[in-house]
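Colleague: Below you will find the structure I want to go over with you.
Each value in this text was obtained by applying a stated rule to the coordinates, not by laboratory testing. Remember, it's a predicted structure, so these values are computed and weren't measured experimentally. Note that each Cβ is placed from the backbone with ideal geometry, even for glycine, and that neighbours are counted across all protein chains shown.
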């Protein structure tokens, strides 16, 4: 039973990780790429962590897995925000199809 | 069964690493490369976590913690560098 759940969760997690990488490769500009990478990779890594915790099955490794998960959930949005801010202010060109740029001309 | 599944998972994560690496090489601007590096760190943490669950060696998880930490610090440092520019 544990093995089956682990297998499902690992397959889902690696599929999300692959989707994140495909998004980073195929999206048109930095901001869309960044949102693909941060969202999908957080979800994928979460699934992989659940599977590993099920496989290890003892308290010490559960604590480690939970701390990795909490750390990733806390830091990924911060890292994404910092990259987006830095790339916007260093005037990386937006994609042609961008509909709204609220800070245009304000700097 | 878990043997095969973990091999499939590891191969999928490897392919994802390869795609992120292509973006890292192509990446027209510097922030593109930073995003690719960030994803790279995330995928490596995932790879190590799967290896830890497969081999049941607990010390492997500590390596994953360290890599997650260093990846975040590296991303923030790169972003600060991009925003401030080269110190003259």
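Colleague: Quick one: among B:56, B:33, B:23, which has the greatest mean-square fluctuation in a GNM of chain B with alpha-carbon springs under 10 angstrom?
Modeller: Answer for the Gaussian network model of chain B: B:56.
Colleague: Report the FRET efficiency, 1/(1 + (r/R0)^6), for residue B:55 and residue A:74, where r is their Cβ-Cβ distance and R0 is 30 Å, rounded to 0.05.
Modeller: Working from the Cβ atoms, E equals 0.60.
Colleague: Quick check: from the Cα gyration tensor, does the protein assembly as shown come out rounded (a/c under 1.5), prolate or oblate?
Modeller: It comes out prolate by the Cα gyration axes.
Colleague: Taking the Cα centroid of segment B:40-88 and of segment B:6-23, what is the distance between the two, rounded to the nearest whole Å?
Modeller: 16
Colleague: Across the Cα atoms of segment B:7-83, what radius of gyration and what greatest pairwise Cα-Cα distance (Dmax) are found, in Å?
Modeller: Here Rg and the maximum Cα pair distance are 13.8, 42 Å.
Colleague: How tilted is helix A:2-26 with respect to the longest principal axis of chain A? Cα atoms for both, answer in degrees (0 to 90, nearest 10).
Modeller: 20
Colleague: P(r) for segment A:2-89: what percent of alpha-carbon pairs falls in each 10 Å bin, starting at zero?
Modeller: Reading the bins upward from 0: 18, 40, 29, 12, 2.
Colleague: Suppose the chain between residue A:66 and residue A:96 were pulled fully straight at 0.36 nm per residue; how much longer would it get relative to their current alpha carbon spacing?
Modeller: Using 0.36 nm per residue and subtracting the Cα-Cα distance, I get 6.7 nm.
Colleague: Counting only other chains, what is the mean number of Cβ atoms within 10 angstrom of the Cβ of each residue in peptide B:53-64?
Modeller: 5
Colleague: With axes computed from alpha carbons, what is the tilt in degrees of helix A:59-89 against the longest principal axis of chain A, rounded to the nearest 10 within 0 to 90?
Modeller: 10
Colleague: Relative to the longest principal Cα axis of chain B, at what angle does helix B:2-26 sit, 0 to 90 degrees, rounded to 10?
Modeller: Rounded to the nearest ten degrees, it is 10.
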